């Protein structure tokens, strides 16, 4: 089974759709990556040679921020907003919707997830 960025790709899926499983790559970006590396749209993961997989890995590492690095950047950005007490940071700590959604009737998911805060905001 092929792996890119510590993500196993399903062998029977088309390559560009399986590549979208990498955190930070969507379908359009993965299609652009596979075309830039010379991999056909119809090719399955099991039919791709190892040299092409290494080429795709090198291309992704050179041009995109993905995987754990991207997750770390997002977490650091949230912690920075919490540290400077911005409006978004305060709403992160309270577990409320951050981007301006109403909370009178909506925001149920944010209230449900309040005890399971995704970001450790205890560092100040």
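The values are calculated or read from the model by the stated rules, or taken from the named source; none is laboratory data. These numbers come from a predicted model, not from an experiment. Note that each Cβ is placed from the backbone with ideal geometry, even for glycine, and that neighbours are counted across all protein chains shown.
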Residues satisfying the stated conditions in segment 70-95, i.e. outside any helix (DSSP H, G or I) and either closer than 24 Å to residue 22 by Cα or at pLDDT below 90 (or both): 95
Matching residues in segment 68-90 - criterion: being in contact with a helix residue (DSSP H, G or I) (Cβ under 9 Å, 6 or more places away or on another chain) and in contact (Cβ under 8 Å) with a residue 40 or more places away in the chain: 78, 79, 82, 83
